[in-house]
Every structure is written in structure tokens, then in C-alpha cells.
1. Do you know which residues across segment 744-759 are over 16 Å from SER397 (Cβ atoms) and small (Gly, Ala, Ser)?
2. Can you list the strands (runs of 3 or more DSSP E) lying wholly within segment 575-682 that have 2 or more residues being closer than 24 Å to HIS497 by Cα and under 24 Å from the mean Cα position of the chain (by Cα)?
3. Out of (1) over 31 Å from the mean Cα position of the chain (by Cα); (2) surrounded by fewer than 18 Cβ atoms within 10 Å (Cβ to Cβ), what's the single condition that is false for ILE272?
4. When the residues of segment 195-238 are narrowed to those that are among the aromatic types (Phe, Trp, Tyr) and assigned to a strand (DSSP E or B), which ends up surrounded by the most Cβ atoms within 10 Å (Cβ to Cβ)?
5. Which numbered condition trips up GLU396, out of (1) farther than 24 Å from ASP302 by Cβ; (2) surrounded by 21 or more Cβ atoms within 10 Å (Cβ to Cβ); (3) out of contact with any Cys (no Cβ under 8 Å at 6 or more places or on another chain)?
6. Tell me which residues, restricted to segment 574-583, are surrounded by 14 or more Cβ atoms within 10 Å (Cβ to Cβ) and under 21 Å from GLY645 (Cβ atoms).
7. May I ask you to list the residues in segment 467-489 that are at negative phi, part of a loop (DSSP other than H, G, I, E, B) and of a type outside the set (D, E, K, R)?
8. As an exercise: evaluate PHE368 against (1) in contact (Cβ under 8 Å) with a residue 24 or more places away in the chain; (2) closer than 19 Å to VAL418 by Cα and give the number of the one condition it does not meet.
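The values are calculated or read from the model by the stated rules, or taken from the named source; none is laboratory data. Quick caveat: nothing in here was measured; it's all calculated off a predicted structure. Please note: Cβ atoms are built from the backbone with ideal geometry, for glycine as well, and neighbour counts cover all protein chains shown.
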Amino acid sequence: MTMFPIQKLNCSWSLVATTISIVALVSVVQLFLFPAVPSIDYFGYKQVKDSCVPTVDAEKNNGLHKQQQQSLKARFPADLHKAVVYRGAPWKADIGRWLAGCDSVASPIKVHEEITGKKCKDGCSGQGVCNHEFGQCRCFHGFKGDGCSERLEFSCNYPATEELPYGRWVVSICSAHCDTTRAMCFCGEGTKYPNRPVAEACGFQITLPSEPGAPKFTNWSKPDHENIFSTNGNVRGWCNVDPVEAYNLKVKFKEECDCKYDGLFGRFCETIVLSTCINQCSGQGHCRGGFCQCDSGWYGVDCSIPSVKSSIRDWPQWLIPAQISVPNDGPNMTRLKAAVEKKRPLIYVYDLPPEFNSLLLEGRHFKFECVNRIYDQDNVTVWTEQLYGSQIAMYESMLASPHRTLNGEEADYYFVPVLDSCIITRADDAPHLSMEKHMGLRSSLTLELYKKALDHIAQQYPYWNRSSGKDHIWSFSWDEGACYAPKEIWSSMMLVHWGNTNSKHNHSTTAYWADNWDSISSEKRGNHSCFDPQKDLVIPAWKRPDGTSLSLKLWARPREARKTLFYFNGNLGPAYENGRPESTYSMGIRQKLAEEFGSLPNKDGNLGKQHVEDVIVIGRPSERYHEDLASSVFCGVMPGDGWSGRMEDSILQGCIPVVIQDGIFLPWENVFNYESFAVRIREDEIPNLVNILRGFNETEVEFMLANVKNIWQRYLHRDSVLLEAKRQKSAFGHVSDWAEKLSELSEDSVFSTFIQTLHYKLYNDPWRIENRNPNKETGLPEECILKV
């Protein structure tokens with residue numbers, strides 16, 4: 001892993017070698033004397049870098065930089081743990097100082113936003129949304145062309161064979177009526193409920209197991225039309241079952257049939273409800289299965305961008321208040337200027353073609369896929385447990401943020417919204433999403449989609465080439481993050497949940513073969529690591545807002561109420577009932593923990609070798625999971641298939657995280673001072689875990705618990721949730737308990753931490769310093785800006 005640009009420094013390599021040796025020796029001594037708090041500066045690169053002799057230009061910059069740092073250092077000294085606290089969080093010292101001295105005093109600047117009004121061919125024929133910036137149509141699922149007038153045919157089935165009259169299995173396989181605009185299967189005309197889904201096994205014959213507990217067998221070559229279309233007696237076909245009769249147990253029906261598609265609710269899909277769209281179309285459109293159909297005068301993935309035909313009083317908050325300048329173009333006006341005061345950093349969000357986002361949402365075959373919410377029979381929000389829902393949460397927060405700008409010339413960052421969580425969960429959903437040319441690898445399919453997005457923005461916009469993409473942001477939410485990012489975009493910032501620097505685990509770590517990236521050619525992927533802590537960010541995963549947990553204030557539970565020393569509950573691998581069968585799962589880390597400290601018998605009837613009463617390591621679900629975490633002092637954080645959500649679980653319940661994954665960063669770890677609130681131990685130290693934890697004195701434990709209590713909201717996607725609460729309040733005049741509790745919170749969240757980090761990087765990343773535009777207003781004092 002390359003941690004710093006050596007070629008820009010004039011170094012004595014004997015000095016480098018000596019320094020590394022000293023760093024290694026000091027690290028050993030530190031681990032011997034203070035085993036509980038190992039350093040996360042894996043290679044001691046900072047010490048080596050600071051000991052080198054800089055070039056002449058770098059020396060001038062360093063002189064200015066040191067003067068500024070000395071001023072901030074005097075005003076904001078680090079604590080004993082080398083942290084500087086800003087807005088309650090213990091940041092790494094240099095970052096915390098700059099935020100405390102500069103972010104805290106930033107003032108708004110005037111940004112000139114351009115509101116456009118280019119027309120689209122035939123108004124997109126009612127089958128798409130017009131992007132009024134370019135005059136281009138964004139067509140709904142099943143339509144294409146300049147005016148969205150051409151109909152596409154998406155088959156539900158692969159070509160038939162003699163043995164398989166409906167083709168080989170695919171999620172969309174259909175023995176009833178195929179809606180070829182979306183490759184979805186429905187009952188169709190001639191049935192009582194033509195719009196009721198006939199998804200997967202529902203339409204085919206089922207063979208019952210020969211042994212108790214064995215799975216049922218679906219024969220994909222034989223349709224089950226009798227159980228779908230029958231109108232006879234007490235056993236009605238699925239497509240003719242009356243919901244009232246079924247709920248009153250007056251008729252029987254095929255249990256394998258259910259209501260998987262979005263926009264329908266109830267056991268029999270009897271209620272039409274809201275589908276999930278980005279920001280629910282911002283009140284300026286209608287959500288049609290995941291794609292926003294915007295009202296006249298509005299466009300964008302969430303209908304949040306006004307055109308010149310929109311009413312100014314309906315403009316979003318991030319464009320208000322605005323001073324409007326209207327050109328004298330007469331009735332054919334195509335643009336107007338709006339001056340808005342905003343604080344940096346400013347983010348430009350690309351309005352990509354829908355293949356990268358909206359179409360992936362509109363065509364999904366399972367309503368829970370890649371979203372963080374659905375809607376019930378009363379259109380009340382139902383939050384999901386989808387950890388990948390953070391991608392939607394961050395996207396929605398960016399689109400509604402006061403830091404958003406339509407002015408690409410004034411922007412500091414450019415967000416490219418490709419939804420990898422949707423393409424991965426939808427891979428092989430239907431024949432048109434086949435992975436045949438990708439060797440069955442979802443990782444390869446995803447890489448190709450990101451490369452297509454790059455090709456689009458590089459051709460359509462001028463911004464990528466100006467910085468070779470260094471000021472661009474991409475989101476990779478899946479298990480191994482940006483490991484399979486195409487090599488062409490690696491210069492950009494990656495938002496991930498998997499911070500693998502590849503310093504130890506330098507290969508694909510997932511136990512799920514379809515996501516493995518080892519076999520992707522270097523021509524496509526290059527040889528980059530999965531995560532570069534100098535430019536990328538690990539952000540928290542999605543966690544469902546829970547009104548009960550918030551009411552109980554589990555994060556604030558005091559030390560005396562935490563009786564368990566260490567707690568971990570998660571899949572422990574093949575040695576346990578219902579454990580993952582792959583030995584490579586969790587890179588073997590969870591298995592090693594269970595071997596030492598397992599609290600329940602494994603398949604051989606054995607407990608962990610060092611099993612003790614106040615150390616709980618179990619592998620079965622607990623209805624008291626949050627309560628168990630909140631009753632513990634330390635909680636385990638280890639990988640699963642790539643990242644897991646254990647860090648968030650620990651923090652949100654006020655438990656001190658114990659991180660066991662070498663060379664792999666956790667959320668905010670490259671910006672926060674983890675030694676202030678977490679413990680990191682090496683994988684080979686697992687047998688010594690209890691001794692390490694018991695080595696902390698009560699003062700240290702109380703200090704870390706207090707810091708966890710101060711930062712827990714920075715691991716919660718509150719901004720996106722509050723946007724939904726506002727929509728619910730507008731629709732119903734009241735909000736649910738989760739909304740009430742979240743509205744009472746006021747500390748910084750995931751998104752505000754993200755914005756603060758971007759602000760710091762804007763004026764402190766080396767490439768930014770070298771390429772700073774002196775004509776851009778910053779809203780900052782001069783001492784906060786390092787000049788070249």
C-alpha cells in the first residue's frame with residue numbers, strides 16, 4: 001500500500017530505513033507496555049515522511065503550513081490521547097484543529113445558480129422526464145429514444161428448450177403474464193386480480209420434501225396453472241383468491257405465492273401503496289415503482305431541480321432565499337440566474353441517465369432490495385434492516401443538502417450517483433441483466449456499470465478532466481466496497497463501508513463466489529487497493545431508526561449497568577448450527593474468537609477453550625440484541641463477507657468497540673482518533689483478548705464510554721430519516737415515534753460528519769493546495785488557507 005508520494009520528497013534512504021526500524025521497535029515496546037491501545041498507524045509512514053528533506057517548493061509550502069499549524073496548535077492543543085475535540089467528537093489532531101479554528105467560523109458565499117429550461121423532443125411522450133439542462137429525455141423502464149417513443153421488450157424468460165419450456169431459472173421466470181416493460185410476472189387478463197404478482201415459485205409445481213426439515217423442490221419445467229388460475233371450490237387459484245375470504249380462512253391458496261413487488265401491500269397484494277423513490281420525488285412528482293415521474297417544470301432523479309417554468313415559491317430549501325435575475329428573452333426564456341448564499345463545501349450531483357439509479361429501482365423484483373424503507377397499507381413508513389440502505393440515505397441527504405449546487409463551475413466536489421447495491425441485488429434478476437459475459441460475477445457486472453457512468457460524465461460534462469477525477473465522489477456500498485472499482489476512477493474519493501488497505505488481506509475476502517474480484521483482469525481493475533485512507537472515507541452502514549431504543553437511551557447507559565465485559569453475537573462459521581459453511585467466512589476471525597471464548601456448545605458439544613461467565617460469544621439471534629449490547633462494556637467488531645454492521649451496533653448502544661481486523665479501517669477511522677473511544681487488537685492477539693480488556697483501569701473505561709456517548713449520533717443516518725419524517729408530517733399531520741425521538745436529537749450525524757470532513761480536505765489535501773483557485777471565495781479567514 002502506498003501511503004504517501006515518495007517521489008516528491010528528497011530523502012536519505014538510510015534515514016528512512018533507520019526510522020522504520022525505530023518505529024518498529026517503538027511499536028513493539030508500545031504493545032508490550034500498553035497492549036490495550038495498539039497504534040493504527042500501521043507502517044509509521046508519518047514519522048518517515050516528516051523526517052525527509054522536502055524539495056524547495058515543498059519547503060516554502062511547509063513553512064507557511066507550519067506557521068498556520070502553530071497558530072491553530074496553540075489555540076487547540078491535543079489531549080493526552082492525541083485528539084482535538086470538535087463538536088463533541090475526538091478528531092485526529094490536525095483535522096480537529098482545523099475544524100475547530102476554521103470550519104467553526106466559516107461564512108456563506110454568494111453562489112450563482114442557473115435555472116434552465118431546454119425542451120425535450122415530444123415532451124418525452126409521457127414516458128419519461130425531461131432534463132431541462134440538456135434537453136434530454138430520461139425514459140421510464142421499457143422505453144427508449146430521443147422522445148421515449150420506442151418500446152422495449154424485456155422478456156421474463158430465457159429461450160425455451162424441450163426440457164425447459166419456460167427457459168432456465170431466473171428471478172423473473174414466468175408461467176403467467178409477463179409485463180415486458182419491466183420483465184415482471186402478473187396474473188394477467190381473464191383473472192379476477194390481473195395485477196397480482198406471480199413471482200418465481202408461485203407459478204410452478206412444488207414437490208414436498210421426503211424427509212422432515214428438508215427443503216421443498218420447485219420444478220421449473222412444469223407450470224402450476226391449476227393453483228394459479230383455478231376458480232373452483234375452496235382451493236382457489238392464486239389469481240382468483242378473494243382477500244376477505246382468505247383472511248377469514250374460507251378458502252385455501254398456494255403458500256409460495258406472495259407480494260414481492262414494490263407498490264403493493266397485504267398478503268394478497270390487495271392494497272396499492274407508495275413505492276420507494278429517491279426523496280419520494282420531493283413533492284414535485286409521482287413515484288412509479290421507483291422512478292420519479294416529475295410534474296411539469298421539474299426534473300432530476302428526485303424531481304428537486306426546478307426549470308424556468310417552475311414556481312419560485314415551490315423551490316427547494318437549498319435554493320432559498322435567492323435573488324433572481326431574469327434575462328429579457330421574452331416568452332421563450334430558457335434560463336435565469338439565482339444568487340444564493342451557501343457555505344462551502346459545495347457539491348454538484350450529476351443527473352445521470354436512469355440506467356444508473358431510477359431504472360434499477362423501478363425494475364426490482366423484491367421490494368426490500370437496496371432501499372431503506374417501504375410503505376404499509378396506510379402509506380406509513382416501514383424502515384428496513386437493509387445495511388446497504390446507507391447508499392440511498394447519503395444520496396437523498398446530498399440532494400436535499402444546503403451544500404448542493406447546480407453551478408458546476410463553483411462546485412468543490414462532484415458526486416456520481418451509481419447505485420451498486422441495486423445492480424448487485426438485481427444481477428441475473430431477468431434475462432436483460434444476465435451475467436453470462438461476466439463469468440457469473442456480480443463484481444464484474446458492477447465494475448462495467450461504473451465504467452459506463454465515467455464514460456458518460458467525461459463526454460457530457462467538462463469537470464472530470466480538469467482534475468482527472470480527484471474532486472469526484474463515488475459510492476460503493478457492497479460487502480467489499482471499492483475493491484472492484486474500475487482503474488479509471490481510482491483517483492476519486494470512494495465512500496465505502498469496507499476500508500481494506502490490503503496491507504494484510506490483499507485478495508478478495510468474501511466467501512460468496514459471485515462477489516469475488518480476484519479473477520477480474522488488471523486491464524479493467526488495475527492493481528489498486530480496496531481503500532486508500534489518504535483520499536477515501538469509510539462511512540457508517542444503515543441502521544433502522546428504532547423509537548424504542550431511542551426512548552431507552554441505550555447509548556447513555558452508565559458503566560455500573562454494564563455487567564458483561566465483552567459481547568459478540570453473530571454468525572460463527574461452520575463449527576456451529578446454522579453457521580456459514582465456508583471456512584473463509586469472516587477470514588476465519590469470528591471462528592478464532594469462538595474457538596477461544598464461545599459461550600454455547602458447538603456441533604461437537606464444546607465451549608470455547610477460555611470460556612468465562614462475563615465474556616459472551618454466541619452465534620444465534622437474540623431478541624434482546626440491543627439490550628445485550630447496552631449491558632456490555634466492550635463489544636466485538638469483526639468482518640463478515642467483507643464489512644459488517646457491528647461497529648454501528650456497538651456505538652449506537654454505547655458499547656466500546658473492540659476492532660479485530662488487521663489493516664481494515666472502520667467508519668471515520670481515518671479522521672477520528674479511535675484511541676479515544678475504541679480498542680483495536682491484532683488478529684493474532686485473540687487468545688489474549690480478555691487479558692487486554694481487563695488491563696484497562698476504570699478511568700480509561702469511563703473515558704472511552706463518555707466519548708462513545710458523545711459521538712453515537714455520528715453513526716446514525718439522521719438527515720435522511722428526518723427528510724422522511726417531514727414528508728410524513730406533510731401527508732398525515734403527525735409523525736411516528738421514531739420521528740419524534742430523532743427530532744429531539746441535535747448532535748452531528750453521519751452526513752454532517754461527512755460535510756465537515758469534505759471541508760477539511762478541501763483546504764488541506766496536497767493536490768488541492770497545489771491547484772487552489774485564488775479567485776474562488778472561501779468564506780474563511782486567511783489563516784485557514786494554505787497558499788502555494
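1. Answer for segment 744-759, where residues must be over 16 Å from SER397 (Cβ atoms) and small (Gly, Ala, Ser): just SER746.
2. Once the strands (runs of 3 or more DSSP E) in segment 575-682 are filtered for at least 2 residues that are closer than 24 Å to HIS497 by Cα and under 24 Å from the mean Cα position of the chain (by Cα), what remains is 632-637, 656-659.
3. Condition not satisfied by ILE272: (1).
4. So, considering only residues that are among the aromatic types (Phe, Trp, Tyr) and assigned to a strand (DSSP E or B), the one surrounded by the most Cβ atoms within 10 Å (Cβ to Cβ) is PHE204.
5. Going through the list (1) farther than 24 Å from ASP302 by Cβ; (2) surrounded by 21 or more Cβ atoms within 10 Å (Cβ to Cβ); (3) out of contact with any Cys (no Cβ under 8 Å at 6 or more places or on another chain), GLU396 breaks only (1).
6. The answer is TYR576, GLY579, ARG580, GLU582.
7. SER477, TRP478, ALA485, PRO486
8. Only one criterion in (1) in contact (Cβ under 8 Å) with a residue 24 or more places away in the chain; (2) closer than 19 Å to VAL418 by Cα is unmet by PHE368, namely (1).
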